[in-house]
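Scroll down for the structure; my scribbles are underneath it.
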Amino acid sequence: MLQLQLTDQAKLELQNRLSSSSKPYIRLQMRHSCFMKLKLTIEDAVQINDVVVALDGFDFIVDKTQIHYFQNGKLDFIADHTGFKQFEITA
């Protein structure tokens with residue numbers, strides 16, 4: 001089972017994104033183009049190789065091959081000074 005914590009900033013941004021969509025799942029995956037950067041998308045279906053994790057009222061989906069990237073991490077939402085907003089996994 002995936003052990004992941006969510007910061008308050010992450011929870012708020014996730015709720016904002018879900019409220020503007022009819023899709024129920026939040027996919028967590030690592031970007032292949034940027035080392036250790038998180039890609040988060042809102043999706044409507046679970047794929048055959050996915051694990052579904054319910055956490056703090058959110059339903060996350062993670063490909064089984066990527067679970068280790070998120071294990072025992074903390075999902076945070078960070079807005080930088082240029083207005084670029086991103087989710088990050090921290091230890």
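Derivation of every value follows stated rules applied to the coordinates shown; laboratory data play no part. Please read all numbers here as calculations on a predicted model, not as lab measurements. Note that we place each Cβ from the backbone using ideal geometry, even for glycine, and neighbour counts take in every protein chain shown.
May I ask for the net charge around A45, where only other residues with Cβ less than 14 Å from the Cβ of A45 are counted and Lys, Arg are +1 while Asp, Glu are -1?
-3
Per residue, what volume in Å³ does the convex hull of the Cα atoms of the range 42-84 enclose? Intermediate values should be presented prior to the final figure.
Working: hull volume 5.0 nm³, N = 43.
Convex hull of Cα atoms, per residue: 116 Å³.
Helix-derived [θ] at 222 nm for the chain: sum -39500 (n - 2.57) over DSSP H runs of at least 4, divide by residue count, nearest 500?
-4500 deg cm²/dmol
Between (i) 6.2; (ii) 7.1; (iii) 9.9, which entry matches mean projected area of the Cα convex hull in nm² as derived from the coordinates of this structure?
Matching the structure shown: (i).
Can you give the relative contact order of the range 1-54 as a percent, counting alpha carbon pairs under 8 Å and 6+ residues apart?
Numbers: 41 pairs, mean separation 16.2, N = 54.
Relative contact order, the range 1-54: 30 percent.
So what is the relative contact order for the chain, in percent, with contacts set as C-alpha pairs under 8 Å and at least six apart?
Taking the mean separation of contacting Cα pairs over the length of the chain, I get 34 percent.
List the relative contact order of the range 49-91 as a percent without decimals, with contacts defined as Cα pairs under 8 Å and 6+ residues apart.
Once divided by the residue count of the range 49-91, the mean separation gives 27 percent.
Scan around D59 for amide H atoms under 5 Å from its own, H built in the peptide plane at 1.01 Å from N, and keep only partners 5 or more places away or cross-chain.
I26
Amide H neighbours of L6 under 5 Å, at least 5 residues apart or on other chains, H built in the peptide plane: list them.
L75
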